[in-house]
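The values are calculated or read from the model by the stated rules, or taken from the named source; none is laboratory data. Keep in mind that this is a model prediction, so the values were computed, not measured. Note: ideal-geometry Cβ built from the backbone for every residue, glycine included; neighbour counts use all protein chains shown.
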Amino acid sequence: MTYDFSPLFRTAIGFDRLARQVDRATQAASAPSYPPYNIERSGDDSYVLTMAVAGFGPEDIELVVQDNTLVVSGRVGEQDGRELLYRGIAARAFERRFVLADHIQVEQADIANGLLQIGVKRVVPEALKPRRIPVGNAAARISGPANDGAGAGETQAA
């Protein structure tokens, strides 16, 4: 499925990134469904991504954030000489991609009881946060001592 963003590009600047994110999201939707995962909101600006990764250890999981995309991949290492009679727990390699919104940062990742939990938080830079501008008294600034001398000089020159 493709979307035509050309009407948007005629009147808006800088939205080409939006088209790339939509493309990535549609590609991610067609990706394999292993391993299963949940995404839950844990606060106003924080989320937890939980993936079922039974059979994987911390050394088998890799998390990489690049170009607003979180890539979670897993590869099980060699078994230590054990003879496996039946494999019911999937140990195949996987790679999952998650598109991150602007200002989303991965804070931490922990694995316990076969679940990988990745903490993600929106951190808005100070420059983008709303700020209050104090309103001063213009009359106090005009009649101040520094302006009185300048005003008198202008009157004499005229």
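Here are some notes:
- The residue list Asp102, Asp44, Asp110, Asp80 contains one member that is at pLDDT 85 or above, in a loop (DSSP other than H, G, I, E, B) and either touching a Pro at 6+ places or on another chain (Cβ under 9 Å) or farther than 22 Å from Gln21 by Cβ (or both), which is Asp44.
- Test for Ala90: is it surrounded by 10 or more Cβ atoms within 10 Å (Cβ to Cβ), among the small types (Gly, Ala, Ser), within 30 Å of Gly77 (Cα to Cα) and modelled with pLDDT of 90 or more: no
- Ala140 being at pLDDT 90 or above and loosely packed, with under 10 Cβ neighbours inside 10 Å: no
- Number of positions in the range 32-60 that are of a type in the set (A, V, I, L, M) and farther than 19 Å from Leu100 by Cα: 3
- Comparison of Thr69, Thr50 shows that the only residue that is surrounded by 14 or more Cβ atoms within 10 Å (Cβ to Cβ), at pLDDT 85 or above and within 20 Å of Gln21 (Cα to Cα) is Thr69.
- Filtering the range 113-137 to residues that are among the hydrophobic types (A, V, I, L, M, F, W, C), outside any loop (DSSP other than H, G, I, E, B) and in contact (Cβ under 8 Å) with a residue 40 or more places away in the chain leaves Leu115, Leu116, Ile118, Val120.
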